[in-house]
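Asker: Here it is, the structure, as structure tokens.
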């Protein structure tokens, strides 16, 4: 299913365990994050809560971190969507595609990177957590790494994985993508 921005979708017990595991990995960083932000969707907030709790912070929601607006496709079965002729554009030329009554991948990428850049400005020189969704995270990684949007679908972002980027004046670096184990090798300084 393509959940998109559908309300009322919550984490399963396995998802809650993944969120607790992510919280443990993030809490082990040498420089603990100073803030935790989340997409306002329930499943993202539920992922952010154990992270914030473990760090002694509260979850702040930010609409810039929202999932892509899949419009009329929200809630549709992926097997059904894959049979549509437009699916080829979704996978191979996402920069050209707009979801019916939704947003384009390009708009999503601009929204997500603008949110991250705004939060980087607020927390200049500090580390923060931003809990979002796979497509916006992949789009932000692509923008940070200088990868064309048409190639962003080649990236993988698993549930509750950790992706770390540096975005700031003169600095655009991808530190890691899709980490689902320890972060000991990650140097954020």
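Asker: Taking the 0 to 90 degree range and rounding to the nearest ten, how far is the long axis of helix 13-27 tilted relative to the main principal axis of the chain, both from C-alpha atoms?
Answerer: For 13-27 against the chain, the angle is about 40 degrees.
Asker: Here is a follow-up. How high is the FRET efficiency between residue 98 and residue 42 when r is their beta carbon distance and R₀ equals 25 Å, given to the nearest 0.05? Kindly include the intermediate steps, with their values, before the conclusion.
Answerer: Values: r = 26 Å, r/R0 = 1.03.
Efficiency, from the Cβ-Cβ distance: 0.45.
Asker: With labels modelled as points extended 7 Å from the Cα through the Cβ direction, what inter-label distance (nm, one decimal) is found for residue 60 paired with residue 21?
Answerer: 3.0
Asker: May I ask for log10 I(q)/I(0) of the stretch 21-136 at q = 0.12, 0.19, 0.23 Å⁻¹, from a Debye sum over the Cα atoms as equal point scatterers with solvent left out?
Answerer: Scattering profile of the stretch 21-136, log10 relative to I(0): -0.52, -0.98, -1.21.
Asker: Treat the stretch 63-119 as a sphere of radius equal to its Kirkwood radius over Cα pairs and apply Stokes-Einstein at 4 °C in a medium of 1.567 mPa s; give the translational diffusion coefficient in µm²/s, rounded to a whole number. Don't jump to the answer; show the numbers that get you there.
Answerer: On the way: Rh = 12.1 Å.
Using the Kirkwood radius from Cα pairs, D works out to 107 µm²/s.
Asker: Does anyone have the angle between helix 42-55 and the longest principal axis of the chain? Alpha-carbon axes, 0 to 90°, nearest 10?
Answerer: Tilt relative to the chain: about 10 degrees.
Asker: Semi-axes of the equivalent ellipsoid of the stretch 98-171: what are they in whole Å, largest first, if each equals the square root of 5 times a C-alpha gyration tensor eigenvalue? Spell out each step's value before the answer.
Answerer: Working: eigenvalues 87, 38, 31 Å².
Output for the stretch 98-171: semi-axes of 21, 14, 12 Å.
Asker: Still on this structure: Compute the helix-to-body angle for 105-122: its Cα long axis versus the longest principal axis of the chain, expressed 0 to 90° and rounded to tens.
Answerer: 20
Asker: Which order do the peptides 5-17, 96-108 come out in when sorted by mean C-beta neighbours inside 10 angstrom, highest first? Intermediate results must be reported in sequence, preceding the final value.
Answerer: Working: 5-17: 12.5, 96-108: 17.0.
Peptide ranking by packing, descending: 96-108, 5-17.
Asker: Could I have the simple spin-label model distance between residue 91 and residue 154, label points 7 Å from Cα toward Cβ, reported in nm to one decimal?
Answerer: Taking the two extended label points, one gets 1.6 nm.
Asker: For residue 176 and residue 77, FRET efficiency with R0 = 41 Å and r from the beta-carbon atoms, rounded to 0.05? Kindly include the intermediate steps, with their values, before the conclusion.
Answerer: Details: r = 32 Å, r/R0 = 0.79.
So, using R0 = 41 Å, E works out to roughly 0.80.
Asker: Which whole-number percent is the relative contact order of the chain (Cα, under 8 Å, 6+ apart)? Kindly include the intermediate steps, with their values, before the conclusion.
Answerer: Numbers: 326 pairs, mean separation 44.5, N = 189.
Relative CO of the chain lands at 24 percent.
Asker: Given the DSSP H assignment, sum -39500 (n - 2.57) over each helix run of at least 4 residues in the chain and divide by its residue total; what's the result at 222 nm in deg cm²/dmol, nearest 500?
Answerer: After summing the helix terms and dividing by residue count, I get -11000 deg cm²/dmol.
No lab work stands behind these numbers, since they all come straight from the coordinates. The structure displayed is predicted, hence computed values, not measured ones. Methodologically, a virtual Cβ is constructed for each residue, glycine included, from the backbone with ideal geometry; neighbour enumeration extends over all protein chains shown.
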